[in-house]
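Please read the structure below before turning to the comments.
The values are calculated or read from the model by the stated rules, or taken from the named source; none is laboratory data. No experiment lies behind these values; they were computed from the predicted model shown. We place every Cβ from the backbone using ideal geometry, glycine too, and count neighbours over all the protein chains shown. For the accessible areas, the whole protein counts, side chains as well, though only heavy atoms, and no ligand, DNA or RNA atoms are used. Shrake-Rupley method; radii C 1.70, N 1.55, O 1.52, S 1.80 Å.
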Amino acid sequence: MPSDLVTEADAYVFDWSVDGTGTVRFVDDLVIEALYVRIRGDDVDRTVARFMAAFDTAAYTDFLATLAQPVISGSERERALELLGVTAPRSYDDAVFGAVVQGLDGDSVEVRCAATSAAGHLGWRQFRPGVQRIADCDPAPDNRAFATNVLYSLPQ
């Protein structure tokens, strides 16, 4: 049974109970303009399979594949990084880490900002050096300020 729609840090969140053993959280993130879900519970793989069969979805691996393409526009890279940050597993993953670090070294202000956002969403301590570099040296003052804020959320 769905819960009430609530707001949470610039997002609308809607929780559903799944077979009494887990939850599906639907999130409409106003900042990155994305709709995504987080699935938790005892039988996540089964729930994911049922969800993907019923809805038009993309998985974090789709965003990794986009970022791995040899030719990609800056706006596509920015969007893929933002969505990677909110859809990738919360446990450390080498491929996700590499894609985000590459974004932190990106050529455009927007790509570096999207990568910083992804690092903040994922919350892995391994991102600290790259985010610290943005906080200290990025030519865009807004990126430096954003990265400084993200550093507070990353573990030491």
Problem - Leading residue by the ranking (surrounded by the most Cβ atoms within 10 Å (Cβ to Cβ)) among those in the range 83-111 that are among the polar types (S, T, N, Q) and modelled with pLDDT under 95 - result: Thr87
Exercise for the section: Taking Ile134 as meeting all but one of (1) farther than 30 Å from Asp19 by Cα; (2) surrounded by fewer than 18 Cβ atoms within 10 Å (Cβ to Cβ); (3) of a type outside the set (S, T, N, Q), write down the number of the exception. Expected result: (2)
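Go through the range 121-131 and report how many residues are small (Gly, Ala, Ser) and surrounded by fewer than 20 Cβ atoms within 10 Å (Cβ to Cβ). Even if it seems obvious, please write down each step before you answer.
Our first condition is that a residue be small (Gly, Ala, Ser); within the range 121-131, this holds for 123, 130.
Remaining after also requiring surrounded by fewer than 20 Cβ atoms within 10 Å (Cβ to Cβ): 123.
Residues flagged as small (Gly, Ala, Ser) and surrounded by fewer than 20 Cβ atoms within 10 Å (Cβ to Cβ) within the range 121-131 amount to 1.
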Exercise for the section: Please specify each residue of the range 145-156 satisfying the condition of being part of a helix (DSSP H, G or I) and open to solvent by 80 Å² or more (accessible area, probe 1.4 Å). Expected result: Asn149, Tyr152
Problem - Flag if Ala49 is in a helix (DSSP H, G or I), farther than 30 Å from Val24 by Cα and either among the polar types (S, T, N, Q) or free of Cβ contacts under 8 Å to residues at least 12 places away in the same chain (or both) - result: no
Problem - In the range 58-82, the residues that are open to solvent by 50 Å² or more (accessible area, probe 1.4 Å), more than 17 Å from Ala114 (Cβ to Cβ) and assigned to a loop (DSSP other than H, G, I, E, B) - result: Pro70, Val71
Handout entry: Candidate set: the range 1-57, residues that are modelled with pLDDT of 75 or more and surrounded by fewer than 12 Cβ atoms within 10 Å (Cβ to Cβ); chosen: the one farthest from Ala114 (Cα to Cα)
Key = Asp42
